[in-house]
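**Student:** One structure coming up, written as structure tokens, with questions to follow.
The values are calculated or read from the model by the stated rules, or taken from the named source; none is laboratory data. Computed from a prediction, not measured in an experiment: that's the story for all the values here. We place every Cβ from the backbone using ideal geometry, glycine too, and count neighbours over all the protein chains shown.
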Amino acid sequence: MTVRTRYAPSPTGALHIGNVRSGLFAWLFARHHRGAFILRIDDTDRERSTVESLNEILESLTWLGIEWDEGPPNPEYFQANRFHRYREAARELLRNGRAYPCYCTAAELDAMRKQAEREHRKPGYDGRCRDKPFPPDIELPDARAGRNYTIRFRSPRHGETVVDDLVKGRAVFDNAELDDLIIFRSDGVPTYNFATVLDDADFRITHVVRGDDHLPNTPRQMQIFHALGLTPPAYAHLPMVMGPDGAKLSKRHGATSVFAYRDAGYLPEALLNYLARLGWSHGDQEIFSRDELIAYFDFDACGKSAGIFNPEKLLWLNFHYMKERPLDQLAREVRPFIEKRGLPIPGDDAWLAKMVATLRERAKTLVELVDFAVFYLKDEIDIDPKAAAKFLKPEMAPVLMELANQLGSIDNFNEEAIKAAFERVMAGHNLKLGQLAQPVRVALTGGTVSPGIFEVIAVLGRERTIARLRDAVRKTHSVG
RNA sequence: GGUCCCAUCGUCUAGGGGUUAGGACACCGGCCUCUCACGUCGGGAACGCGGGUUCGAAUCCCGCUGGGAUCACCA
């Protein structure tokens, strides 16, 4: 039997990285077994579902390279388009007595819960409508047509339900602990646990891979499978991703959506690698290509305990992938971040690549790289007053002038020749490289930190370099 | 509170009866050096507690403690 896994996000908000990791593992498992990965949209909640959110899901997965074999835009993979199927299944359950109408109102249910809580009993539904007689061909609820009731699943009262989880191992649930859950709401909409079962059944999902927050739902879903005469799929419940405070990762932990990381200048390979390695391992290996991930992935190598999201390690991975990227590709990826910043690019693609080459080992994200690149890109730079006070002293003026002249007379304006020009100036004034490089650095970049001074000059070009040196000379007078 | 899940450095993890408990991120120090980085070398840092089983337990079993998830006419 070929493996079929699915990822079923609901389009009700940003695509969260904790959530997308479950999708990643489902995808890896399917790819590893040369099976199919299905993307299904859980949009039964039409109030909260939006197209923006749907697009974000699709774009995020595409950006990460998690491609689906079946799913959108095919309309059959949207729950909203499958209501006929849910209704049919609910009628079947009503006919064979595995479900029943419940006439309790939301207010009554609420009161029931509160009462139980006061008496320190479990807050579940007490089954008061369970044994009321009803016609087997009773219509499904529809509050607008006056059929103001819900349909509940008749859950077995005795025995136990065993989940043999691929990640967690065996979990045994006492059926007496499971109350009769609503499978159809009074507005005629099926609930999640019911719709999910039918989808997983109809799409012939062999392995349900999801976060372990769904583990408590699993015995209920298995019971519905059985009531429908179907065999449940295998389950793999992955541990959650937590924030630094140890609680389930959520918006209040800051940037958590895939888009947020994309926009912050992270590379998809880095995020993918990081997410895969959170809760899964392959010996001591830290860096994995997509193909390696697929080749090595296995639930046996998944940990059982929740993992805390570590932004520093993600940063390190991003840095790694930026360093090993082909230069022209990295330059191409940096470009939109420069544009977004409203900065001009004073050269062609080859120039941009040279600029990126000097910066890539100093920046951990694309955004950070652009931060460092400002002095290359802007015509006018701001000089840090403290740096100027320390390095642009009046006695440096003639030295900088001479360097400008030397640089002006070079034939081939390359690093080698630039270095030779420096050496001539240093020899003439009896200076060491450090004594010359820092003032020049301040003059050219506005600060005391930059790539090697020869490469900076080579990238900046003769015109700009000389202009900035002269500017700096003028400033030494005003300082002095 | 009920139910379920989980427990090795700060974090991600390897190790599943005998190991100086390994790696990675982060941190600290040396080297490299025109600054900052990169790189490189080195360092500190962990088996939650208590009982068993065993010649021997981080490893197997039980309990405790701690953490998490979940208990909707949300998904």
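**Student:** Among (1) part of a loop (DSSP other than H, G, I, E, B); (2) in contact (Cβ under 8 Å) with a residue 24 or more places away in the chain; (3) over 30 Å from A:Gly35 (Cβ atoms), there is one condition A:Ile205 misses while meeting the rest; what is its number?
**Tutor:** Failed condition: (3).
**Student:** How many residues does the range A:345-360 contain that are in contact with a helix residue (DSSP H, G or I) (Cβ under 7 Å, 6 or more places away or on another chain) and modelled with pLDDT under 95?
**Tutor:** 2
**Student:** Going through the range A:243-282 one residue at a time, which ones are of a type in the set (A, V, I, L, M), within 17 Å of A:Ile308 (Cα to Cα) and surrounded by fewer than 19 Cβ atoms within 10 Å (Cβ to Cβ)?
**Tutor:** Within the range A:243-282, A:Ala247, A:Ala255 meet the criteria.
**Student:** Just for the range A:113-126: of the residues that are part of a helix (DSSP H, G or I) and within 12 Å of RNA strand B (Cβ to nearest atom), which one is surrounded by the fewest Cβ atoms within 10 Å (Cβ to Cβ)?
**Tutor:** Within the range A:113-126, the match that is surrounded by the fewest Cβ atoms within 10 Å (Cβ to Cβ) is A:Arg118.
So that you can scan it fast, the table gives a plain yes or no per residue for (1) within 24 Å of A:Ile205 (Cβ to Cβ); (2) of a type in the set (D, E, K, R); (3) within 11 Å of RNA strand B (Cβ to nearest atom):
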{"residue": "A:Pro75", "(1), (2), (3)": "yes, no, no"}
{"residue": "A:Arg82", "(1), (2), (3)": "yes, yes, no"}
{"residue": "A:Gly97", "(1), (2), (3)": "no, no, no"}
{"residue": "A:Ala106", "(1), (2), (3)": "no, no, yes"}
{"residue": "A:Ala111", "(1), (2), (3)": "no, no, no"}
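**Student:** Among the listed residues A:Ile41, A:Ile57, A:Ile66, identify the single one that is under 30 Å from A:Thr256 (Cβ atoms) and more than 16 Å from RNA strand B (Cβ to nearest atom). Let's see the steps before the verdict.
**Tutor:** Working: A:Ile41 fails: more than 16 Å from RNA strand B (Cβ to nearest atom); A:Ile57 fails: more than 16 Å from RNA strand B (Cβ to nearest atom).
Exactly one of A:Ile41, A:Ile57, A:Ile66 is under 30 Å from A:Thr256 (Cβ atoms) and more than 16 Å from RNA strand B (Cβ to nearest atom), namely A:Ile66.
**Student:** Shifting gears a bit: Which residues, counting only those in the range A:243-255, are within 13 Å of the chain's Cα centre (by Cα), within 14 Å of RNA strand B (Cβ to nearest atom) and either within 29 Å of A:Arg325 (Cβ to Cβ) or assigned to a helix (DSSP H, G or I) (or both)?
**Tutor:** If the condition is that a residue be within 13 Å of the chain's Cα centre (by Cα), within 14 Å of RNA strand B (Cβ to nearest atom) and either within 29 Å of A:Arg325 (Cβ to Cβ) or assigned to a helix (DSSP H, G or I) (or both), then A:Leu249, A:Lys251 are the ones that fit.
**Student:** Where in the range A:138-196 are the strands (runs of 3 or more DSSP E), entirely inside, with at least 2 residues that are acidic (Asp, Glu), out of contact with any helix residue (DSSP H, G or I) (no Cβ under 7 Å at 6 or more places or on another chain) and under 20 Å from A:Pro233 (Cα atoms)?
**Tutor:** A:160-165
**Student:** Looking at the range A:363-373, is at least one residue in a loop (DSSP other than H, G, I, E, B), within 14 Å of RNA strand B (Cβ to nearest atom), within 21 Å of the chain's Cα centre (by Cα) and aliphatic (A, V, I, L, M)?
**Tutor:** So far as the range A:363-373 goes, yes, one or more of its residues are in a loop (DSSP other than H, G, I, E, B), within 14 Å of RNA strand B (Cβ to nearest atom), within 21 Å of the chain's Cα centre (by Cα) and aliphatic (A, V, I, L, M).
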